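Q: Mind having a look at this structure? Questions to follow.
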Amino acid sequence: MALDPKSHWRQYLAAQKQLPKVEFDMRVAIAGSMTVEPLEPYLGAHLISKKFKPCIAVAPFNQLRQICHDYKQVLGRNDLDAIALLWRVEDLFPDILAACLDNPAPVEDLLRELKELAGSVGRLRKSFNGTLIVSTPPYPLLPGFELLDIRQALEGMAVFSAVLQFWTQEIARLERVRILDLHGLMLSLGTKHAHDSRKWLLYRQPYTETFWQEIGRLLGRILAAEKISPKKCIALDLDNTLWGGIIGEDGLQGIQLGDDFPGKAYRDFQQTLVCLKKKGVLLAVASKNNPEDVYEVFDKHDAMILSRKDFAALEIHWDSKVESIRRVAKKLNIGLDSIIFVDDSAKEIGEISERLPDVTCVVVPEELAELSDLFAETDFFDFAEITDEDRRRTEMMAADSARLEIQEAMSEEEFRKSLNLKIEVFAAQKQHLARVTQLINKTNQFNLTTVRRTQDEVEELVGSKDALVLGMDIKDKYGDYGLVGVTILKKKAKSCVIDTLLMSCRVLGRGAEETLIAKLAEAAKSLGCDEIRGRYIATSKNAMVKDFYRHFNFQHEPQTDEWFVRITEAPRTPENIDAILLL
Amino acid sequence: MVDSLIQVFADVLEIDPAVLNDDSSPDNVQEWDSLSAMKLVAAIEEKFNVRLSTREIMKMSTIGRARKALQNKNVPV
């Protein structure tokens, strides 16, 4: 039997105490305008289930402003990975909030207070380097704000809506403050099930254990999203997954897809998939069918929401789905562990789970009403940030396919020339930080050192005199790859040391690697260095760059295990590539 | 075998059940502060599947009184 979260957390704490020294990898402080102690075990148990070694500190009651002002002093530590602030309007501004029900309502006064509070959060953001999470205020529990009052929409709810909108905008304007939507979570559970007025009266603790558990799970997901990569692709079966029935047997008019049950369930699921695609998730088809039957549905069925171009890979044939999924991974250049496979057939699901255990399998639910919410309670697609590159991903993949077709028709040399590759290596600025950090944390294969960093750490390096954070943009005649490479150089006397060098696998093998080294040599020269040095740090995934240095004229130095190249001996930019360095 | 109510108190207060008995109270158990009292209520309600009123909670000033309150609700402790 699975342990309940509280016992789980208790056992974990007891086990930690037995160890001489514990290396925690998720040190979180939680603070609230109300008593937040009950959150600790639920958050802890969730983080343990995600393979973290958490350490949770609960801040003193109602010290939010003090924490914003000087978190080290209030929390007594400066090694935190994250701080989460939970607050309610009725705790911080009870009188002004109550006065807002007067006529005329001084809502402006309340918003002014909120602005100041957001300002404090902004100051904490500047002084604290880790993940900062701030809640939305949940709908107030205060006389005058009763949801069952028949005029509430014009009174308390009107005031609260203004508060919520204002607060969310203020927080969104601060960079990289994550929002824990306490209000949304309370909507999802229901205010009645979230509140425990006995505990509020006795302990200034307003919530039920159920609600704390929900908060713990959501907060845990937000924290985990900073470190765990989301899934990248959903590979979908078609018959009885994207529509009801079997196209090969039922025909275009016979399949179930439309505005009535059961067709509506499938149509809603397609809508869910469109939303995920907009976040940057790639869609693929893995179906056993005749391709022409399927294309007829895509091209001619009125109720289809997804079209062929929404898919980054189409595997429609009678080969095994194991083979299909392998091809999808290869074509999209992603690991099997970043693929979700959805099918209604237990046999197909069984075969994939057995033969490709890294793929996450999801079976179409028996209850079709659950289909459109298939991923709602999972953390598969928890993106900490969504960048422009994410939103354009499917289009970029389509450009990849166009390139591939041309490439197959030409010699390698001709193909490279025909691409008109344009490469820009540039000193990263503020607007590049999110993407640079994303690449640093998710690139596994073409990554020489696999040093992971938070956005604050990257920002610090961007501002540092002795380091250079370089981004690499690549374009060709088929499209814009966007920012696909990152190098961090650190100046040590006359040496330029490669702290980080990584590239998206999509751009390899066209001369981009050589061009990068050539531009690094220029950058090193401008820093007053005469050599570039680097190390290869092996991981289970980066064997492809084992010989990277050797390949580009670097010499190995056995005593330090470093590789170095004099900048005069570094490779040059290949002829057919148009490259510039912008520092 | 430790008494099930004593075990709940020991778990929440993070102390040895052997030092607890029906006379234990916030006055003689250092760990039993107001924060623990809150956690105790949640733990007792979960363990014995009951709901305690604010008045019942306020009366539970010793483990013995907590036992009495639970027995009054037909919980065999």
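FYI, it's all coordinate maths here, none of it is from the lab. Keep in mind the model is a prediction, meaning the values are calculated, not measured. Here the Cβ positions follow ideal geometry from the backbone for every residue, glycine too, while neighbour counts run over all protein chains shown.
Q: At 7 Å along the Cα-to-beta-carbon direction for both residue A:252 and residue A:402, put a label point, then send me their distance in nm to one decimal.
A: 2.8 nm
Q: Moving on. State which entries of A:51/A:442; A:490/A:525; A:430/A:465; A:277/A:430; A:231/A:331; A:227/A:430 exceed 23 angstrom in Cα-Cα distance in the structure shown.
A: Correct reply: A:277/A:430.
Q: Per-residue Cβ counts within 10 Å, from other chains only, averaged over B:34-44: what number is that?
A: Mean number of neighbouring Cβ atoms from other chains: 4.
Q: Sticking with this structure for a sec: Residues of region A:127-142 with amide nitrogen under 16 Å from the 7 Å Cα-to-Cβ point of residue A:430?
A: Residues passing the 16 Å test: A:127.
Q: Taking the Cα centre of chain A as origin, sum charge times position over the Cβ atoms of Lys and Arg (+1) and Asp and Glu (-1), and report the length of that vector in debye to the nearest 20.
A: Roughly 2380 debye for chain A.
Q: A further question on this structure: Per residue of region A:316-323, in order, report the coupling 6.51 cos²θ - 1.76 cosθ + 1.60 (Karplus, θ = phi - 60°) as ³J(HN,Hα) in whole Hz, putting x for Gly and Pro.
A: 10, 5, 10, 6, 5, 6, 4, 5
Q: Residue by residue through A:201-210, how many Cβ atoms from other chains fall within 10 Å of the Cβ on average?
A: That works out to 3 on average.
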